[in-house]
Structures are given as structure tokens and as C-alpha cells.
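*Asks:* One structure coming up, written as C-alpha cells, with questions to follow.
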Amino acid sequence: MQQITEIQYYKLEGCHYQRLKAHTRIVITGLVQGVLFRREITDIARRTGITGWVRNLPDGRVEAVAEGDKEMLDELVRFCQVGPPRAKVSGLEVEWSDFKGEFRGFKIV
């Protein structure tokens, strides 16, 4: 298990709380191409401030690499477990690692 090391501190009415940042790679298996999966992932990422990319793999899976607040990435992973209405997800691989800050924006590649 990789350790998440970058922490941002926010002040909220005299209290401090932490927002962890992380990097994740998600690979989705099943009926996941041609069902707007990449577009939905991109919409979620842009709405939640996640950066990275998503693409179709030649073997029929979808792969996403993303960075941002761990809480927002967890939301993205939860979506990927189900996908858009026409998708049929049969498997999900999720790998976590330290935040790298290597992306600007989120795109379909």
C-alpha cells in the first residue's frame, strides 16, 4: 500500500482540517466502450477539480489516470464501479500512489 504524502490545510471557522491529495489509475472491464463512459468520467473530473486523462484500451477496457483530492477521487472510483446507464461493469482495478502534480486539466486521449 502506497502512502499518500501531500496534505493541504484549510481553515474553517477557527478549525483546521486536512485534504489529502492522491494519484490513481483505474481500469474498468465489461461493456464500457461505446456507452459514453469516457465522457462521463471527464465530466465528473472537471466538475470536481480532478486532473488527468481517460482512454479506451485496445482490449475493450477503459483506463483513467487521475490526480486530485482523495475524497473527489473516491467519488470517481464509486462512479466507475457502476458507470453510465448503458454500461455493464464486470471488473474494476484501482491503484493508488502519491500525488505527483503532473497534469493540467482532464482530457480524453
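The values are calculated or read from the model by the stated rules, or taken from the named source; none is laboratory data. Note that the coordinates shown come from a computational prediction; the quantities given were computed from them, not determined experimentally. Note: ideal-geometry Cβ built from the backbone for every residue, glycine included; neighbour counts use all protein chains shown.
*Asks:* Restricting attention to the range 82-102, report how many residues are loosely packed, with under 13 Cβ neighbours inside 10 Å and either without any contact (Cβ under 8 Å) to a residue 24 or more places away in the chain or at negative phi (or both).
*Replies:* Of the residues in that region, 10 qualify.
*Asks:* Report, by residue number, each residue of the range 44-61 that is assigned to a strand (DSSP E or B) and more than 14 Å from residue 22 (Cα to Cα).
*Replies:* 53, 54, 55, 56
*Asks:* So in the range 53-99, with the set limited to residues that are of a type in the set (Lys, Arg) and over 14 Å from the mean Cα position of the chain (by Cα), which one is farthest from residue 30 (Cα to Cα)?
*Replies:* Checked the range 53-99; the qualifying residue farthest from residue 30 (Cα to Cα) is 86.
*Asks:* Still on this structure, I have one more. Being among the hydrophobic types (A, V, I, L, M, F, W, C) and part of a loop (DSSP other than H, G, I, E, B) is the filter here, so list the residues in the range 70-109 that pass it. Steps first, answer last, please.
*Replies:* Step one: of the range 70-109, the residues among the hydrophobic types (A, V, I, L, M, F, W, C) are 72-73, 76-77, 79-80, 82, 87, 89, 92, 94, 96, 99, 103, 106, 108-109.
87, 99, 103, 109, listed by residue number.
*Asks:* Restricted to the range 31-41, and to residues that are in a helix (DSSP H, G or I) and more than 9 Å from the chain's Cα centre (by Cα), which residue is surrounded by the fewest Cβ atoms within 10 Å (Cβ to Cβ)?
*Replies:* 39
*Asks:* Just need a number here: residues in the range 49-80 that are loosely packed, with under 13 Cβ neighbours inside 10 Å and of a type in the set (S, T, N, Q).
*Replies:* Of the residues in the range 49-80, 0 are loosely packed, with under 13 Cβ neighbours inside 10 Å and of a type in the set (S, T, N, Q).
*Asks:* Let me ask another. Would you confirm whether or not the range 1-15 contains a residue that is in contact with a Leu (Cβ under 7 Å, 6 or more places away or on another chain) and modelled with pLDDT of 95 or more?
*Replies:* Checking the range 1-15: not a single residue is in contact with a Leu (Cβ under 7 Å, 6 or more places away or on another chain) and modelled with pLDDT of 95 or more.
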